[in-house]
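Comments concern the structure below.
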Amino acid sequence: MSDPGAASWYHEKESAWLYRKLAAAEPLVQRRQLFEALGHAAEQQAEHWAPSLHPRPVYKVRLRARIVAALLRVIEPRHMRGVLAAMKLRGLSVYSAAPLAAGHLMPVTVEDVGLRHRGTGGNLRAAVFGVNDGLISNTSLLMGMAGAGASSQLILLTGTAGLLAGALSMAAGEYLSVRSQREMYEYQIGLERDELAEYPQEEAEELALIYAARGMPLAQARAIALDLVTRPAEALDALAREELGLDPDGLGVPWGAAIASFLSFGAGACLPLLPFLLGATGRNAALIAGSIAAVALLAVGSILSLFTGRHALWGALRMLGIGASAALLTGLIGRAFGLTLSP
């Protein structure tokens, strides 16, 4: 829609319709009441725009919204969070935060509100996976070349090319992914900023309802939310975290993600290259490369157990098994091709 007012009216009407469907699918009473109230608030916000539209439009449910509603009838709403966020529904952070414990107060400052969203584990986990990707892919590549009977110099050249190609590909993919995600999140935060400026009281009520859905007394939640919207910057930060489930300070830096991906992949990919870089040749170089990769895979598997909660030894052995299988299979394929192509 070219008219911003008509677009806002349609967005609120669609949100209200979807909130009703979400409320009907939600088994928990508090969450159901939250989404019913958010649907009512969206209807009121649509009425805010209606007087400025001539002629008054008629709301027609889009096919996309109907598909989402149909999915809600067969999939639990908490498993649909990503889809619902893409439809720009609010209040979805109730699916990622635990209810308030008895006697535990809802955060009352922006710093407290966003605290549970912050952490460094995601970056560390991404770095470990990047190292793992580079390690397995380049080890498999080198074993394939060794199986085909290539010279040490050719294996070194191929491994170096594989390192650069893989690292650059990973960096480019990570840049585009983070860039696209950041643009989507910035757009959603921008919509929230416009809504906060247009009807702050309604936004305060939505925030209060979210707090109440987690166990805070509604009167206290409303007092906190009304006080918060008197400070627009802090209110927007809180709304982004609580309604959208986003951390405005952690939307991702595309170039930073690309560089980190390049370096982590390259670090893993260079490990099996070490014996060839140090002058080792023939079968000895391949055996040393395989040994280095095996030790590294055990280490990566152990580290990943920190994120999966599995036993470290099990994680290490599983990672070694996966990496060794990939390298062995590639080596056998390389050997088959080497025998086929040899004169």
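The values are calculated or read from the model by the stated rules, or taken from the named source; none is laboratory data. What you see is a predicted model, and the numbers here were worked out from it, not measured in a lab. Here Cβ is always computed from backbone atoms with ideal geometry, including for glycine, and neighbour counts include all displayed protein chains. Protein only, heavy atoms only, side chains kept; ligands, DNA and RNA dropped before computing areas. Shrake-Rupley method; radii C 1.70, N 1.55, O 1.52, S 1.80 Å.
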On the protein heavy atoms, probe 1.4 angstrom, tell me the percent of accessible surface of region 171-277 carried by carbon and sulfur.
61 percent
Once all Cα-Cα distances of region 150-282 are split into 5 Å bins that start at 0, what whole-number percent is in each one?
2, 10, 14, 12, 10, 8, 7, 7, 7, 6, 5, 4, 4, 3, 1, 0
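Give, as a single signed number, the net charge of other residues whose beta carbon lies under 12 Å from the beta carbon of Ala221, with Lys and Arg counted +1 and Asp and Glu -1.
The answer is -2.
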Volume per residue that the Cα convex hull of the chain spans, once the total is divided by residue count, Å³
186 Å³
When every protein chain stays in place and a 1.4 Å probe is rolled, Met87, Met170 sorted by accessible area with the largest first are Met170, Met87
Ignoring ligands, DNA and RNA, what accessible area per residue does the chain give at 1.4 Å, in Å²?
53 Å²
For region 227-284, what class follows from the C-alpha gyration tensor (a ≥ b ≥ c being the square roots of its eigenvalues): rounded when a/c is under 1.5, otherwise prolate if a/b is larger than b/c, else oblate?
prolate
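Taking the Cβ of Pro77 as the center, what net charge do the other residues with Cβ under 11 Å away carry, scoring Lys and Arg +1 and Asp and Glu -1?
Value of the local net charge: +4.
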Give me the Kirkwood hydrodynamic radius of region 208-343, using the inverse of the mean 1/r over all pairs of distinct Cα atoms, in Å to one decimal.
20.2 Å
Under a plain spin-label model, where a point goes 7 Å from the Cα along Cα-to-Cβ, how far apart in nm are Tyr95 and Tyr187?
2.0 nm
Using a Förster distance of 35 Å, the FRET efficiency for Ala312-Asp249 (Cβ separation, nearest 0.05):
0.60
Express in Å², to the nearest 10, the accessible area of Arg90 obtained by rolling a 1.4 Å probe over the protein heavy atoms while all chains stay in place.
10 Å²
Does region 38-86 classify as rounded, prolate or oblate by the C-alpha gyration tensor (a ≥ b ≥ c root eigenvalues; a/c under 1.5 gives rounded; else a/b over b/c gives prolate, otherwise oblate)?
prolate
Find how much the distance from Lys88 to Ser151 grows on full extension, using 0.36 nm per residue of separation minus their present alpha carbon separation; answer in nm with one decimal.
17.0 nm
Measure off 7 Å from each Cα along the Cα-to-Cβ vector at Ala219 and Leu176, then give the distance between these two points in nanometres to one decimal.
5.7 nm
Ala24 and Glu198 label points (each 7 Å along its Cα→Cβ direction) are spaced in nm at 2.6 nm
Given 0.36 nm per residue, what is the gain on full extension from His79 to Leu274 after removing their alpha carbon distance, in nm?
65.7 nm
With 0.36 nm assigned to each residue of separation and the Cα-Cα distance removed, Leu71 to Glu47 gains 5.8 nm
Computed helical MRE - 222 nm, the chain, DSSP H runs ≥ 4 contributing -39500 (n - 2.57), nearest 500:
-25000 deg cm²/dmol
